[in-house]
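Report on the following structure.
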Amino acid sequence: MSSNQAVGIFDSGLGGISVLREMCRVLPQENFIYYGDSANAPYGDKTNEAILALSERITDYLLSRNTKAIVIACNTATSAAAASLRARHPEIPILGIEPAIKPAAMHRASEDGRYLVMATNATLHLQKFLKLEKRFEDKAEFISLVCPGLADLIETGDLDSPEIKTYLREKLSPFIGKVDGIVLGCTHYPFVKKQIREVMGSVEFFDGAHGTAMQLLRRLRETGSLREGGVPGTVEFHSSIDTPEEIALYKRFFTMKL
Ligand code: DGL
């Protein structure tokens, strides 16, 4: 493995760009190849088998680009596909992301916190999440809030649309003043933090991007493939909606102020 090889990173669409942003902050010298499967988004309402098949196809593409590690920047695809992708490709680090239950539970270790966990249907119903929630159930209370359709609204790129505002108001209003924080358990959702605050007021957010970026740093170090030397890395964007407009949208999300 050479340090100049790129890191492959994928999501069902542009959500994983929230993870890519954090990776570029933590590892600015790395080269990244981002793949968003926007033509097949959302993954959250698909079966396990369908999510696995799509994730395998993208992983094969990223490996054909000679990547040294793969990051599944999608909570849904991590739950459905990480274990089998790792079994198929033991030669390469394959990292996933999961809802930030642990950071939320540890945040107020001395008190009983109540946290809302916003995520897709698939993420919240798969064993991986249920086990994670069980591990921390004596530390904090977690309320699962399935958000079908929210990732699709974010995929349109119009984050201040009336549809997004109405969606969030209807979903979140029952919890105003009743939770200590929100776990953003889908990588699309950090892009609507401002719109969530407009409903909930000032609220603490937790997401898995930083933990995954730190994990990538450790794994690259362990495998001796960390790119060092202070030369800034490059970022390439690819999408299954292969149009200049879609790539321009990805780039806008990559640089947008949050
Ligand atoms: N971004 C994906 C996640 O983190 C899900 C969006 C979708 O349903 O495709 O779970």
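Side notes on the structure shown:
- Where the chain is the region considered: accessible area per residue in Å², 1.4 Å probe: 44 Å²
- 4 °C / 1.567 mPa s Stokes-Einstein diffusion coefficient of the range 153-192, Kirkwood radius on C-alpha pairs, µm²/s: 115 µm²/s
- Restriction of the GluC sites (Glu not before Pro) in the range 30-138 to DSSP coil positions whose beta-carbon has at most 13 other beta-carbons within 10 angstrom yields Glu91, Glu111, Glu137.
- Value in Å of the Kirkwood radius, where the range 114-258 supplies the Cα pairs that are averaged: 17.5 Å
- Using just its DSSP H runs of length 4 or more, each adding -39500 (n - 2.57), the chain gives a mean residue ellipticity at 222 nm of -13000 deg cm²/dmol after division by all residues.
- Accessible-area composition of the range 1-67, carbon plus sulfur, in percent [1.4 Å probe]: 46 percent
- In the range 157-258, the GluC sites (Glu not before Pro) that fall in loop regions by DSSP, at most 16 other Cβ within 10 Å: Glu228
- Rolling a 1.4 angstrom probe over the range 72-195 with all protein chains present gives an accessible area of which 52% lies on carbon and sulfur atoms.
- Using distinct alpha-carbon pairs, which all enter the 1/r mean, Kirkwood radius of the range 110-163 in Å: 12.9 Å
- Percent of Cα-Cα distances greater than 32 Å, calculated over the chain: 19 percent
- The largest accessible area among Met106, Met200, Met214, Met23 belongs to the first residue in Met106, Met214, Met200, Met23, and the rest follow in falling order (1.4 Å probe, all chains).
- Interatomic Cα distance distribution for the range 1-126, bins of 5 angstrom, percent: 2, 11, 20, 22, 18, 13, 8, 4, 2, 0
The values are calculated or read from the model by the stated rules, or taken from the named source; none is laboratory data. Note that the coordinates shown come from a computational prediction; the quantities given were computed from them, not determined experimentally. With ideal geometry, Cβ positions are generated from the backbone for all residues, glycine too; neighbour counts draw on all protein chains shown. Just the protein is used for accessible areas: all its heavy atoms, side chains included, with ligands, DNA and RNA removed. Shrake-Rupley method; radii C 1.70, N 1.55, O 1.52, S 1.80 Å.
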